[in-house]
Amino acid sequence: MNSAEFKKIGHEFVEWMAGYLENIENYPVKPKLNPGDIYRQLPDLPPGEGESMTAIFRDFREVIVPGMTHWQSPSFHAYFPGNSSKPSVLAEMLTATLGAQCMVWATSPAATELEDRIMEWLREMVGLSTKWVGSIQNGASDATLNALLTAREKASGFTTNHTGLTTNNFRVYASEQIHSSVDKAVAIAGIGRDNLVKIPVDEAFALQPAKLATAIDQDIAAGKRPLMIVVGMGTTGTTAIDPLAEIVAIGRKHNLWVHVDAALAGTALILPEMRWLAAGLEEADSFVFNPHKWMFTNFDASAYFVRDKQALINTFSVTPEYLRTAEDDRVNNYRDWGIPLGRRFRALKLWFVIRSYGCKGLQEKIRLHLQLARWFKGQVEADDRFELLAPVPLNTVCFRAIKPGASLAELNAFNENLMHCLNQSGELFLTHVKLNDVFTLRMVIGQTEVAKKHVEKAWQLIKEKAFK
Ligand SMILES: *Cc1c(COP(=O)(O)O)cnc(C)c1O
């Protein structure tokens, strides 16, 4: 492809991108497809001769786009958002164009130094003190594994990296509602899933600190070695808020690593009125939140903060001769802050997003989402054909439709069918969670362009499909 062709087709792409975002509400949020429908439309073999970009782009529009779930639709209320924004998309185009590997300072000084600055900005925005340092990780799952490996190394005097695990006594604690990435992390880190102790939750689905304290005492009495507590600040099921200050006090008493998983909820800390979430956070050891969930920044961009930078680097630093540079003692070489060596230039899109919206613009959006969630919660509460199933501290409403006299099994089937009908309609997309065996619908409001009318439409549709 020559430069003239690149310009011509590039402009066509931008036209398409703008049109897609303008018309996104006309796409079914979730496509109606069967497994294999897209695969069968793709040729068995790669092309021998090169094809024109016109043909490739046509197939993108005709084969791929109809097979996509439209995550940027304002009627996407499923899972947690993976939201993006125009400033972020533009930055991603530039990142792809630069095509730089940003593993150490010397391989792209601006990428490292922008990341240094952006992590300071994010630290300030969520209200952490300057005792913390941050880096961008692929995801909250990576950050949690990163925290666990660091805790393991610190607890073993940084010997496990060399010897492998010589004791299998370590114990990790988290609530029954904690994200599955913790189950994965204990498996990968060699701690073992049998050593992940799931602590019961209260009626608000938050960890019960007294039960945690007892579990730790029992483990110590049995000769086990408590290592780490993972605290959920906004769990994925219901956005439950584990009582951080109390948990941190237990962690400090036993000298455990306290990791705070705020994948979604961390963004809410940019609002002064939501800072209550962070009570106790300053005394934790590590904290992760995902701007790629709720801060209008394309996946992947996870913000991971630690207080003990040296423990982190001692855990991950391996320096073969070919990666030694003259500046090593004066710069951050982010390859030493996590698992992968290669790193994309991810700070750029955060820079674009934060500058383009400004802190105020970001705050307004998050505030709106919280308001819309409170409005939706009010509708559920005011309608006796529905019931609320969990508190709503953030942007997620857990609820179900009810029918007088119906059994649990009947109500579960009824709500599962309701969700299926809603999602088949293409008008909106939401997902579910099981809470104490109750099939629960989750209405998540975090899309970049979501407005009152979309949430009203969703509520209307839910009522119609449930009780037509
Ligand atoms: C989404 C989520 C994760 C996993 O995030 P990734 O960035 O996809 O790894 C972890 N914890 C919580 C609470 C989440 O909501």
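So the values come out like this:
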{"item": "Filter on Lys198/Lys224; Lys293/Lys452; Lys32/Lys293; Lys403/Lys465; Lys293/Lys349; Lys293/Lys365 - keep pairs with C-alpha separation over 18 Å", "result": "Lys293/Lys452; Lys32/Lys293"}
{"item": "Residue-by-residue Karplus 3J(HN,Hα) for the range 103-116, coefficients 6.51, -1.76, 1.60, Hz, glycine and proline x", "result": "7, 9, 3, 5, 7, 4, x, 5, 5, 5, 6, 5, 4, 3"}
{"item": "Using a Förster distance of 30 Å, the FRET efficiency for Ala187-Leu33 (Cβ separation, nearest 0.05)", "result": "0.40"}
{"item": "√(5λ) per eigenvalue of the Cα gyration tensor, the range 110-189, largest first, Å", "result": "28, 17, 12"}
{"item": "Formal net charge of residues neighbouring Glu410 (Cβ-Cβ distance under 15 Å; K, R +1; D, E -1)", "result": "0"}
{"item": "Within the chain, percent of DSSP bridges classed antiparallel, to nearest 5", "result": "60"}
{"item": "Relative compactness, the range 62-129, computed as alpha-carbon Rg over 2.2 N^0.38 Å", "result": "1.53"}
{"item": "Heavy-atom surface of the chain, accessible at 1.4 Å and reported per residue (Å²)", "result": "46"}
{"item": "The chain - mean residue ellipticity at 222 nm from DSSP helices (-39,500 (n - 2.57) per run, n ≥ 4, rounded to 500)", "result": "-13000 deg cm²/dmol"}
{"item": "Three semi-axes of the equivalent ellipsoid, the range 27-167, Cα gyration tensor, whole Å, largest first", "result": "39, 22, 21"}
{"item": "Semi-axes of the equivalent ellipsoid for the chain, Cα gyration tensor, largest first, Å", "result": "36, 33, 21"}
{"item": "Prolate/oblate/rounded call for the range 317-376, Cα gyration tensor, a/c under 1.5 rounded", "result": "prolate"}
{"item": "Charge sum, other residues only, whose C-beta stays under 13 Å from Ser52's C-beta, Lys/Arg counted +1 and Asp/Glu -1", "result": "-3"}
{"item": "Accessible-area ranking of Cys102, Cys421, largest first, probe 1.4 Å", "result": "Cys421, Cys102"}
{"item": "Pairwise Cα inverse-distance average, inverted: Kirkwood Rh of the range 300-443 (Å)", "result": "20.0"}
{"item": "Tyr322, Tyr304, Tyr20, reordered so the largest accessible area comes first (probe 1.4 Å)", "result": "Tyr322, Tyr20, Tyr304"}
{"item": "Order of exposure, largest accessible area first, which applies to Thr144, Thr69 with probe 1.4 Å", "result": "Thr69, Thr144"}
{"item": "FRET efficiency estimate (nearest 0.05) - Cβ-Cβ, Leu388 to Ala222, R0 41 angstrom", "result": "0.55"}
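The values are calculated or read from the model by the stated rules, or taken from the named source; none is laboratory data. Keep in mind that what you see is a predicted model, and the values were worked out from it rather than measured. Backbone-built Cβ (ideal geometry, glycine too); neighbour counts: all protein chains shown. Note: areas computed on protein heavy atoms with side chains; ligands, DNA, RNA excluded. Shrake-Rupley method; radii C 1.70, N 1.55, O 1.52, S 1.80 Å.
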